[in-house]
Amino acid sequence: MLYAWPGVAQHSLAIEPTVVQRMQDLAAAGQALTVPVVTDLMTDLYRSLVRDQDHRFAELFHHLLADDTPLALHCTAGKDRTGMAAALILLALGVDRATVQHDYLLTNQHYRHPPLPQSDTPPEVLQVLWRVQERFLQAALATIDAQAGGLDGYLQRLGLGPAALDALRARYLQPG
């Protein structure tokens with residue numbers, strides 16, 4: 001959904017989530033939607049974010065480097081695609097993985113999902129969809145390590161070589 005605010009430029013970096021569609025397909029095929037099944041779907045989503053959406057994350061970093069205007073980053077739920085983008089930004093800025101993981105898990109303390117319509121989906125399954133888990137981000141980071149040889153290799157794929165990383169850090173970090 002796009003918003004019109006005076007003086008605010010919008011940059012849509014569409015990443016279509018597949019979890020709900022995959023849940024619908026499984027249910028139509030007669031498979032029960034259980035916590036383990038949906039947890040696996042969410043874990044796969046995070047792997048696919050870094051594997052299949054690197055072009056979108058490259059666009060995000062391009063915008064971050066293009067100018068220094070304030071940035072609001074969001075998506076429908078604001079926890080998975082946005083959480084992955086925020087994690088990548090923090091990692092590119094040099095924040096250690098443990099701190100990034102801690103920041104990501106704060107979502108569970110602060111995120112409040114909107115009221116949901118009646119559903120046949122069990123409440124415990126919906127909880128998997130509306131919360132984050134350590135394993136989700138870990139799956140994404142393990143994919144980065146396995147397929148790009150680590151964070152530096154992945155950031156290179158996003159167009160963030162040493163000079164771009166230095167520029168990003170100079171723009172977004174305060175001297176300390």
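Selection within region 140-150: residues that are in contact with a Leu (Cβ under 9 Å, 6 or more places away or on another chain) and not β-branched (Val, Ile, Thr). The member of this set that is farthest from His102 (Cα to Cα) is Ala148. Taking Gln10, is it more than 20 Å from Glu124 (Cβ to Cβ), polar (S, T, N, Q) and assigned to a loop (DSSP other than H, G, I, E, B)? Here the answer is yes, as Gln10 does meet what is asked. Scanning region 149-176 for residues that are assigned to a loop (DSSP other than H, G, I, E, B) and at pLDDT 95 or above, we see that the one that is most open to solvent (accessible area, probe 1.4 Å) is Gly149. Determine if region 82-105 includes at least one residue that is at pLDDT 95 or above, out of contact with any His (no Cβ under 6 Å at 6 or more places or on another chain) and more than 30 Å from Gly161 (Cβ to Cβ). Yes, the conditions are met somewhere in region 82-105.
In region 52-70 there is no residue matching the filter, namely being under 13 Å from Thr18 (Cα atoms) and of a type in the set (A, V, I, L, M, F, W, C). If you go through region 138-148 and keep only what is over 16 Å from Ala86 (Cβ atoms) and either assigned to a loop (DSSP other than H, G, I, E, B) or open to solvent by 80 Å² or more (accessible area, probe 1.4 Å) (or both), you end up with Ala146, Gln147.
The values are calculated or read from the model by the stated rules, or taken from the named source; none is laboratory data. Because the structure is predicted, anything quoted here is derived from the model rather than measured. In this analysis, Cβ positions are derived from the backbone assuming ideal geometry, glycine residues included, and neighbour counts consider all displayed protein chains. Quick note on the areas: whole protein, heavy atoms, side chains included, nothing else; ligands and nucleic acids left out. Shrake-Rupley method; radii C 1.70, N 1.55, O 1.52, S 1.80 Å.
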